[in-house]
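Student: Pasting in a structure now, in structure tokens, and then I'll have a few things to ask.
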Amino acid sequence: MRISNFKTQLGDIYVNLHSTKGGEITNSESGYIFKSDSFKIEIIEFTEIKNWLKEVSEIEIQSSIGWIFRITKLNENSETLNFDCSLVRTSTEITSEPDTGENLQAIWIKDKKNVVSIGTEDGEMMKYRAEKNDWMPNRFQSELGIIKTGFFNQKYKEKSFTKQLPFGFETKIPKLKKGEKLYFHYLVAANELKKSIDYPNEDDISTNFAVDYPKWTLIEKLNIKE
């Protein structure tokens, strides 16, 4: 089910919801409401990100958009939910690469003239919210963050409910119990590709800053009631 789309110079970004039971989506004052057999999902859409950066710096962002998803499990019925946010590129010259940071999982998409960043919270931030039972059930904390693997030759990998796609992200919602709630978001920023003022040999990374917001900052800036 298509939730929303956002046009950029590199192509359209589509946000989709996939449910094994289907459901109905309706408009709301802040975005959309999706209801299915066992879920209620509040989807808040906003475009203010580009203005927030101007308040604290000289960073210029041409366009931005974000989607907050607040999921509530209504009963014990079985239903699988997946979401994705991905750019459909207009040219094979458009490339992408991971562009992560502390508590940020992001992707950097560009051609010779333009750049788009898509960002979301990483597994470590999801784990932190699980520890606080902050719209992430406490019981999931062992499934998130930096996980040890192996016995003799231990390795470490980050676990998250969100994985990177070639030009975006996919979030698979874990099995929730009745009454449990879960939050995640996708943030997008688009700009002309230019060189950094401070580091002339490197690309400007303003779009990366624009998609690096944790849950509590978004909730505060958008004045959303918890």
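Student: Residue 148 passes all but one of (1) under 21 Å from the mean Cα position of the chain (by Cα); (2) at pLDDT below 95; which number fails?
Tutor: (1)
Student: Pick out the one residue from 127, 113, 35, 73 that is over 19 Å from residue 171 (Cα atoms), among the charged types (D, E, K, R) and either surrounded by fewer than 21 Cβ atoms within 10 Å (Cβ to Cβ) or in contact with a Phe, Trp or Tyr (Cβ under 9 Å, 6 or more places away or on another chain) (or both).
Tutor: 113
Condition check ((1) under 18 Å from residue 66 (Cα atoms); (2) hydrophobic (A, V, I, L, M, F, W, C); (3) in contact with a Phe, Trp or Tyr (Cβ under 7 Å, 6 or more places away or on another chain)) across all residues:
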position	(1), (2), (3)
131	no, no, no
159	no, no, no
182	yes, yes, yes
185	yes, no, yes
195	no, no, no
210	yes, yes, no
219	yes, yes, no
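Student: Contact list please: Cβ distance under 7 Å, first residue in the range 209-226 and within 16 Å of residue 188 (Cβ to Cβ), second residue assigned to a loop (DSSP other than H, G, I, E, B) and modelled with pLDDT under 95, pairs at least six apart or on different chains.
Tutor: Within 7 Å, the pairs are 209/59; 210/61.
Student: Now for a different question. Please work out if residue 79 is crowded, with 17+ Cβ neighbours inside 10 Å, charged (D, E, K, R), touching a residue at least 40 places away in the same chain (Cβ under 8 Å) and closer than 24 Å to residue 160 by Cα. Write out each step before concluding.
Tutor: Working: crowded, with 17+ Cβ neighbours inside 10 Å: yes; charged (D, E, K, R): yes; touching a residue at least 40 places away in the same chain (Cβ under 8 Å): yes; closer than 24 Å to residue 160 by Cα: yes.
Against the criterion (crowded, with 17+ Cβ neighbours inside 10 Å, charged (D, E, K, R), touching a residue at least 40 places away in the same chain (Cβ under 8 Å) and closer than 24 Å to residue 160 by Cα), residue 79 qualifies.
Student: Tell me whether the range 72-79 contains one or more residues that are out of contact with any helix residue (DSSP H, G or I) (no Cβ under 9 Å at 6 or more places or on another chain), of a type in the set (A, V, I, L, M) and within 25 Å of residue 181 (Cα to Cα).
Tutor: Scanning the range 72-79 turns up at least one residue that is out of contact with any helix residue (DSSP H, G or I) (no Cβ under 9 Å at 6 or more places or on another chain), of a type in the set (A, V, I, L, M) and within 25 Å of residue 181 (Cα to Cα).
The values are calculated or read from the model by the stated rules, or taken from the named source; none is laboratory data. Everything numeric here is computed off the predicted structure, so don't read it as measured data. Ideal geometry is used to build each Cβ from the backbone, glycine not excepted, and the neighbour counts take in all protein chains shown.
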